[in-house]
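Here is the structure we will look at, set down as structure tokens.
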Amino acid sequence: MVLKKLTNEKDLKLCVVMVGLPARGKSFISQKIVRYLSWLSINCKCFNVGNYRRVLGIDNPKYGFFDFDNLSSYDIRENALKLAFEDMLSWFDDAIDNKVAIIDATNSTRERRNWIIKNCEKNNVHPMFLESWCDDPETIMANVKDIAITSPDYDGMDEKSAEDDFMKRIENYQNVYSTLNTTDDKDITFVKLINISHEIIINKIQTYLQSRIVFYVMNIRIKPKCIWLSRHGESIYNVEQKIGGDSSLSERGLKYASKLKSLIKENVKNNEQDLSVWTSTLTRTKETAQYLPYSKLEWKALDELDAGVCDGMTYEEIEEIYPEDFKARDEDKYEYRYRGGESYRDVVIRLEPVIMELERQENVLIITHQAVLRCIYAYFMNVPKEESPWVSIPLHTLIKLEPRAYGTKVTRIKANIPAVSTYKEKGTSHVGESSSAKGSHNLLVNAPEIN
């Protein structure tokens, strides 16, 4: 099927269509793309066809529901796709800035993919197919185990029964599966990931946005991993309520640095022992990492947000000397750029290479700064950009992130070493967290905690 070429890239609406057998990481990749593009301020939304099947009343289907000879269940699954597609078109119409949609489903037959192409063409939407093809038993089984635990389809079912049922579901799809190839599908835009990243086939990538998505998915690794995040220990500037600078740790900050080694050892599993530690180039992060027996890497990109002319000042001094700037930053903290310094948007842009490398790694501990950790946390947790600068990232707390297909699990591990609060709430120049604060401030505060 030859596609009509869409030449006006400015108004291009892109639909990323996932392809692949179950347990190949499609939902994981879909959610990753949403988080990545949203983090870069590109409006993106995922339409999971399984969720629409549940809307139609099929909540906990057994493997027989996915038998393609079962015509009644086949019709339900196709209706779920149509509902997802209609919602996608409505979403594109809602706002001109809604640019990228993802249809997350197996889309395993050429017949279904041709239906998607035809209906995308009708609505001036460009389809880009993204297939995750995998025959590695270890990877597949790891995904099956994760799905058995996290998928809504298996709520209330024991893990072994869920795994057995899901393996039979895969067999049903294998009977009809048609993989993408450069002969039958030479006229369509597609990317085919073979065994995660061992081989990648790219066909007819036409726009800059498509190329950004391709480059990103080339760096994704679907294997389970843990990302550990920590602010540096309490610094002298923290105690003095000053922002920025390159001060050393306070006495309590040095105690945290000393305890961090045992904190990691007590909470890292055996398969996570090969840990890499990334720090900024600033003194306080390197001092925090000094007792850790792991390989270390300094990133200039992990340096704290540059406060420009306000570097080394307290918020009270900024409010007094630059009152208009102080107010402007509170009104739009993500976009506001310090005089001669940076905005949160600037930090996100310089962090992109860090995120790309982080996706390629398996187990990493990042020791960095409040603003930088807010941006990294927002990426993994899909926090809206306007809320990310207000997330509370306390000192002397280790954060464990475990990315999964249906979200990221967060655990806080407290060192139980006192430290000042450096959190500044909106509308005040005083630092310190209010117990009445609501919303994004509490995103991390409400995560499960280990003392």
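Pairwise inverse Cα distances across segment 109-258, averaged and inverted, put the Kirkwood hydrodynamic radius at 20.0 Å.
Simple spin-label estimate for residue 54 and residue 362 gives 3.1 nm between the two label positions (7 Å along the Cα-to-Cβ direction from each Cα). Cross-link partners among aspartates and glutamates for residue 265, C-alpha distance below 16 Å, same-chain residues fewer than 8 apart left out? Filter leaves 274. A simple spin-label model places the labels of residue 142 and residue 94 3.5 nm from each other, with each point 7 Å out along Cα-to-Cβ. Between 0 and 90 degrees, the angle of helix 110-122 with respect to the longest Cα principal axis of the chain falls at about 70 degrees.
When you have a sec, figure out the Kirkwood radius of the chain from all distinct Cα pair distances and drop it here in Å to one decimal? Evaluated on the chain, it is 23.8 Å. Computed extension gain for residue 150 through residue 426, at 0.36 nm per residue and net of the alpha carbon distance, reaches 95.7 nm. For residue 298, the residues whose amide H sits under 5 Å from its own are 279, ignoring neighbours fewer than 5 places away on the same chain, with H placed 1.01 Å from N. With each label modelled as a point 7 angstrom along the Cα→C-beta vector, the residue 157-residue 187 pair spans 4.0 nm. In the context of the full set of protein chains, residues of the chain present 44 Å² of accessible surface per residue (probe radius 1.4 Å, heavy atoms only).
Over 30 Å between Cα atoms: which of 99/300; 99/333; 122/225; 223/296; 118/385; 99/269 fall into that group? 99/300; 122/225; 118/385; 99/269, as the Cα separations exceed 30 Å there.
Hey, what number do you get for the chain at 222 nm if only DSSP H runs of n ≥ 4 count, each worth -39500 (n - 2.57), divided across all residues, to the nearest 500? Calculated at 222 nm, the ellipticity per residue is -12000 deg cm²/dmol. For a label point 7 Å from the Cα of residue 408 along Cα→C-beta, name the residues of segment 25-39 whose backbone N is under 16 Å from it. The answer is 28-39. Considered as an equivalent ellipsoid built on the Cα gyration tensor, segment 32-169 has semi-axes of 28, 19, 15 Å, the largest given first.
The values are calculated or read from the model by the stated rules, or taken from the named source; none is laboratory data. Owing to the predicted nature of the structure, the values given are computational and were not obtained by experimental measurement. Cβ sites come from the backbone with ideal geometry, for glycine too, and all protein chains shown count toward neighbours. Only protein heavy atoms, including side chains, enter the accessible area calculation; ligands, DNA and RNA are left aside. Shrake-Rupley method; radii C 1.70, N 1.55, O 1.52, S 1.80 Å.
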